[in-house]
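**Student:** Dropping a structure here in structure tokens format, bear with me for questions.
Derivation of every value follows stated rules applied to the coordinates shown; laboratory data play no part. Because the structure is predicted, anything quoted here is derived from the model rather than measured. Note that we place each Cβ from the backbone using ideal geometry, even for glycine, and neighbour counts take in every protein chain shown.
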Amino acid sequence: MIIAIPKETAKHEKRVALVPGTVDKLVEKGLDVHIETDAGLASNYLDETYREAGASIAANHRDLFANADILISIQTPSTEDLDKLKDGAILICFLWALQNEETVNQLKNKNITALGMDAIPRISRAQNMDALSSMSSIAGYKSALIGANELDRYLPMMMTAAGTIAPAKVLVLGAGVAGLQAIATAKRLGAVVEAFDIRPAVKEQVESLGATFVEIGEVNEDTETEGGYAKEQTEDKQERQRSVIHEHAKKSDIVITTALIPGKPAPLLVTEAMVHDMHPGAVIVDLAAEQGGNCALTEAGKTIQVNEVKIVGPVNLPSSLAHHASQLYSKNMMALLNHLLDEEAKPVFDFEDEITLKTTITHQGEIISPLLKDK
């Protein structure tokens, strides 16, 4: 059975789906691993290292896709590349099926078994497969560094002969994986950190990292999905939240926003009025930029300045730490493959198993994902 790893072609993408340390484990299982020439170069994994791990280097892009029994990538391949896959092939990547109906239909019509790394359920058995959490952790870490780099002042308290400098104030909106890592990183850099999340259950996690949890009063409705994500709130509830956020944003040097709702545009947390009330030199780092942004003024892929406030809309932050991001994704992928492959290294799709059911988007010409079926 051939496992193929293409060179990523999406803009801003430097990661590779499998690293040499994972390739050698797959080869030990009896799998034939083909990797496209220079697929790992942007993340500093060289072809020679893959050869040493037992992989074959494929120079022909078309043949790589045509021969693949299992094709593993980070981003979803292009429509043209998906057409090169053979009938019955398996594709594993970030699919974002809810946002890409045309791609899902193409995969279904081509009889491709497609698994979405973004669809892995957040249950204890699947923690080592959860690539979304791995990548979010990197994004949260990098967001704090971006904020510190863009800010024109110290983060920690500094006691000097010329006087004492107060520590910077950082506000993190959203305390999921990315938000918690942003909190931890900002704290390590010496900032005073506050965090807000609509889910009261994360208060303990926020406080365990040394940050102050911003509360909005009594919560009268369910705020969390079965998978642990924040639920979309009523407009009245969102207005109450924005009012509280406004007061804290005015006093903040850095605001990091991380709120996302799967399959929907990012919720608006920072309004234009809030930006105008922030002090000159303040920085907003919007991790939801690619999904429309949590800030009303964010422009994806750009750093803009409004009323002397910098608004950073980074895209694909995990790719900026491509070496370690690839390593973590590769380990997540290995865990998923161990779950899917039997002792003879043949894929087995048991849809009685929650991980297999929820991760599989299409199989044998049908849509499998309960998320898409219930849409």
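**Student:** Restricting the count to DSSP beta bridges whose residues both fall in the chain, what percent are antiparallel, rounded to a multiple of 5?
**Tutor:** 25 percent
**Student:** Moving on to the next point. 5 Å is the cut-off here: which amide hydrogens, built 1.01 Å from N in the peptide plane, fall below it relative to residue 33, excluding neighbours closer than 5 in sequence?
**Tutor:** Close amide H contacts, sequence-distant or interchain: 3, 56.
**Student:** Once amide H atoms are placed 1.01 Å from N in the peptide plane, what residues at a sequence separation of 5 or more from residue 293, or on another chain, have their amide H within under 5 Å of its amide H?
**Tutor:** Under 5 Å from the amide H of residue 293 lie the amide H atoms of 266, each far enough along the sequence or on another chain.
**Student:** Sticking with this one: Past 32 Å, Cα to Cα, is the threshold; run 187/373; 7/169; 25/203; 84/142; 237/373 against it and keep the listed order.
**Tutor:** 187/373; 7/169; 25/203; 84/142
**Student:** Which of the following values of Kirkwood radius over Cα pairs in Å was calculated from the structure shown: (1) 21.9; (2) 21.2; (3) 24.1?
**Tutor:** (1)
**Student:** Test of understanding: in a Gaussian network model of the chain with alpha carbons linked when under 10 Å, which of 311, 183, 261 would top the mean-square fluctuation ranking?
**Tutor:** 261
**Student:** Roughly how far apart, in whole Å, are the Cα centres of the stretch 353-373 and the stretch 140-173?
**Tutor:** Cα centroid of the stretch 353-373 versus Cα centroid of the stretch 140-173: 45 Å apart.
**Student:** Whole angstrom only: what separates the Cα centroid of the stretch 1-74 from the Cα centroid of the stretch 281-310?
**Tutor:** After rounding, the separation between the Cα centres reads 35 Å.
**Student:** Could you tell me the ratio Rg/Rh of the stretch 136-315? Both radii from Cα atoms, Rh via Kirkwood. Please report the intermediate quantities before stating the final value.
**Tutor:** Details: Rg = 15.3 Å, Rh = 16.1 Å.
Result for the stretch 136-315 is an Rg/Rh of 0.95.
**Student:** Show that you can apply the helix-only estimate: for the chain, add -39,500 (n - 2.57) for every DSSP H stretch of four or more residues, divide by all residues, and state [θ] at 222 nm to the nearest 500.
**Tutor:** Details: 13 runs with 126 residues, N = 375.
Estimated from H runs of four or more residues: -10000 deg cm²/dmol.
**Student:** If neighbour count is taken as other Cβ atoms inside 10 Å, put 146, 254 in order from fewest to most.
**Tutor:** Values: 146 22, 254 28.
If I rank by nearby Cβ atoms, fewest first, I get 146, 254.
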